[in-house]
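The values are calculated or read from the model by the stated rules, or taken from the named source; none is laboratory data. Computed from a predicted structure; not experimentally measured. What goes into the accessible areas is simple: the full protein's heavy atoms, side chains included, and nothing from ligands, DNA or RNA. Shrake-Rupley method; radii C 1.70, N 1.55, O 1.52, S 1.80 Å.
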Amino acid sequence: MRSLEIGLVLPMEESWTDGATPRWAEIRELAVRAEQIGFDTVWVPDELLWRPSDGETRGWWECVAMTGAVAAATSRIKVGTWILSALHRNPGITAKVVETLDEISGGRFVLGLGSGHAGRQAHAFGLPEDHVVSRFEEAIQIIVPLLRTGHADFEGTFHAARDLEQRPVGPRPGRIPIMIGAKGPKMLELAARHADIWSWYVEERSDLDEFGPKLAAFEKACVDVGRDPGTAGKSAGIIVEPTSVTGAAEVLGTPIRGSAEEIAEGFRTFAAGGFTQLELLLWPRTMAALEAMAPVLALLDSD
């Protein structure tokens, strides 16, 4: 068993290069092939509609529906949300969604959960645009008890759950893994208190120069709330260019690239730096790029 879990982020968005829509048949094929070549997890992003002020509008498939389809199309690989937005959904229904996805997958679902972000897409859909972290703090006071104990009773400013039972339950009552995406101080505190796994994603560079300080901040948050940092998984969402096709740096951030051995060595630096898993955004999001990852996984398996 490799020491570092490797996940593949599936393409849900209109292409960064030519605007093409990723079709279900292509997404299913990528997920099934990722399972075959040894990825540990496939991740389904949760976005709605990007309308950057200085770029082109980019649409996304809906995360929950696609996650259920991916779970049904695969049989062994873990399936996770990357990262389910608490801002978009009622927390009690979110917990029900999570339990349902674990049932569909036969106990392979990983809940990636975050606060979401207000902005142009939230405005377009009529979603809340204020108190994002406070809304998340209330949401997890409903979601976590429902998933861990099967019951929630909470009355807050933004959310409520009144003598709410989690019924029915799937194959892992109380044991569905929760991964929280967190960067700021309050979110790190909440992750330290509630997450089985902490995660953040690349903003500029897919290396430890960027991710090391983020990991240190999470570990400090664990210590501050009285938690052993070693009891939490630590995950980094990074970009990888495994073929001769380049261009990620201009759009998403500096990738790890090169030969299979060079990419594997880049991954090993994350493991040595304290990370337990990686979530890979491949550039380009194609079957050829996915196939190029097979020798990288084989190298990691042989370590």
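Brief remarks on what is shown
- Of all accessible heavy-atom area on the chain, the percent that carbon and sulfur account for (1.4 Å): 53 percent
- Summed over the residues of segment 143-196 and divided among them, the accessible surface reaches 51 Å² per residue at a probe radius of 1.4 Å.
- Note that segment 212-268 presents 43 Å² accessible area per residue, ligands and nucleic acids not counted, probe 1.4 Å.
- Working note: 222 nm ellipticity from helices only, DSSP H runs with n ≥ 4, each -39,500 (n - 2.57), summed and divided by the residues of the chain, gives -12000 deg cm²/dmol to the nearest 500.
- Those lysines that a straight Cα-Cα span of less than 28 Å connects to Lys186, excepting residues fewer than 8 apart in one chain: Lys96, Lys214, Lys220, Lys234
- Classified by the C-alpha gyration tensor, segment 26-89 has a prolate form. Its axis ratio a/c, with a ≥ b ≥ c, is 1.5 or above, and a/b is larger than b/c.
- Every Cα-Cα pair in segment 113-243 was counted, and those over 22 Å apart are 47% of them.
- For segment 175-269, the calculated P(r) over all alpha carbon pairs, in 5 Å bins from 0 to the bin holding the longest distance, is 3, 14, 22, 19, 15, 12, 9, 5, 1, 0 percent.
- At a probe radius of 1.4 angstrom, the accessible area of segment 27-77 per residue rounds to 44 square angstrom.
- For segment 160-227, pairs of C-alpha atoms spaced more than 16 angstrom apart make up 58 percent of the total.
- Percent RCO, i.e. relative contact order, over segment 172-303, from Cα pairs under 8 Å lying at least 6 residues apart: 23 percent
- Across the chain, the relative contact order, built from alpha-carbon pairs under 8 Å that are at least six residues apart, equals 17 percent.
- Table column - 3J(HN,Hα) (Hz), segment 132-141, Karplus curve with 6.51, -1.76, 1.60, x for Gly and Pro: 4, 6, 4, 4, 5, 4, 6, 4, 6, 6
- Phi to ³J(HN,Hα) by Karplus 6.51 cos²θ - 1.76 cosθ + 1.60 over segment 93-99, Hz, x for Gly, Pro: 5, 4, 4, 5, 4, 4, 4
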